[in-house]
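Student: Below is the structure I would like to discuss, written out as structure tokens.
The values are calculated or read from the model by the stated rules, or taken from the named source; none is laboratory data. These figures come from a predicted structure and were not determined experimentally. Cβ sites come from the backbone with ideal geometry, for glycine too, and all protein chains shown count toward neighbours. The accessibility values were calculated without ligands, DNA or RNA, using every heavy atom of the protein model including side chains. Shrake-Rupley method; radii C 1.70, N 1.55, O 1.52, S 1.80 Å.
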Amino acid sequence: MPEADDAAGHGPALAALGAMLDALRHAEATGEGARIDLMGLAPSDLTFVDQLLGEGEVSVVAGGDAQAQESVLAGLWRVRVAGADGCRLADYAEVGAFPQDLLAQAFAGAQAHVDLPESAGPNIFNAPALVSEINEHVPHAREAGRGPHIINLSLLPHTEEDLAFLENVLGPGELIVLSRGYGNCRIRASGTRDTWWVRYYNSQDTLILNSIEISPIPEVALAAPEDIADSVERLSEILDIYAPADA
């Protein structure tokens, strides 16, 4: 974190951080997220904000132009969107369980039903049955009170051809999430609505759990309400360090 003396001359940065604290408090009280635009900050102020927020446990990439990084304050995200030429199109902080615009991109244009080919090919045994299971649950993924449906591939008999078949028929999605909060967890949207690949790796980068989850988004990627409450307290304490002595 920047030293207290480093705050001199960074009034706009401190104002933006104060707006983030207000947004966190509002989210804690109501559950509603908010966005704080940072496009108007000078480069030095933006650097001050980024140094203070740091990098947390969850990183997100959406397509080739948008990315988000959870700060060390869970539920407070740094989101950046660039054009094809690398020019900044959007730069903001977002308070909430997950960056909403990026989540909306996850299944843009995704298929709602997986069609099986007439011939599955050699060494494919269980994948067609799993496709039927996925098709059964996708239409209900967003129903109120319905939890995620998880297919634990690590506990099911399958061949490498089964996995390749599933990858092919589900298709590629637009969102990739890396979470280091529960080990090394890599989450990737598929090209089928509300259907995710969720993979856990050990410290040697060996796959130890491979699953398909049908839900709006896997819970491991989300900031919980208690995380946001903790971030309110932490950011308030941090900003007290930078408050003028006569404040």
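Student: Restricting to Cα pairs below 8 Å that are 6+ residues apart, what does the relative contact order work out to for the stretch 1-101? Please round to a whole percent.
Tutor: 26
Student: Tell me which GluC sites (Glu not before Pro) from the stretch 38-140 have a DSSP coil assignment and no more than 14 other beta carbons within 10 Å of their own.
Tutor: E55, E118
Student: Right, something else. What's the extension gain from D50 to V72 if we count 0.36 nm per residue and subtract their Cα-Cα distance? Spell out each step's value before the answer.
Tutor: Numbers: separation 22, 0.36 × 22 = 7.92 nm, distance 1.04 nm.
That works out to 6.9 nm of additional length.
Student: Between L116 and L163, what length comes free when the chain is fully extended (0.36 nm per residue of separation minus the Cα-Cα distance, one decimal in nm)?
Tutor: Here the answer is 15.5 nm.
Student: While we're on this one: Taking the chain as the reference, fit the longest principal axis to its C-alpha atoms, fit the long axis of helix 127-137 to the helix C-alpha atoms, and give the angle between the two in degrees, 0 to 90, nearest 10.
Tutor: Tilt of helix 127-137: around 50 degrees.
Student: Can you give me the % of accessible surface on the stretch 58-137 that is carbon or sulfur? Probe 1.4 Å, all protein chains present, nothing else counted. Don't jump to the answer; show the numbers that get you there.
Tutor: Details: 1950 of 3660 Å².
Exposed carbon and sulfur together represent 53 percent of the surface.
Student: Given a Förster radius of 22 Å and the C-beta distance between Q100 and A29 as r, what FRET efficiency does 1/(1 + (r/R0)^6) yield to the nearest 0.05?
Tutor: Computed FRET efficiency for Q100 and A29: 0.70.
Student: OK, next. Which semi-axis lengths, in whole Å and largest first, follow from the square roots of five times the eigenvalues of the Cα gyration tensor of the chain? Write out the running numbers ahead of the final one.
Tutor: Working: eigenvalues 325, 60, 52 Å².
Semi-axes from the Cα gyration tensor: 40, 17, 16 Å.
Student: Starting from the Cα-Cα distance between D91 and D22, subtract it from 0.36 nm times their residue separation and give me the gain in nm to one decimal.
Tutor: 23.0 nm
Student: Please list, by residue number, every one of the trypsin sites (Lys or Arg not before Pro) in the stretch 1-93 that is coil in DSSP and has at most 15 other beta-carbon atoms within 10 Å.
Tutor: none
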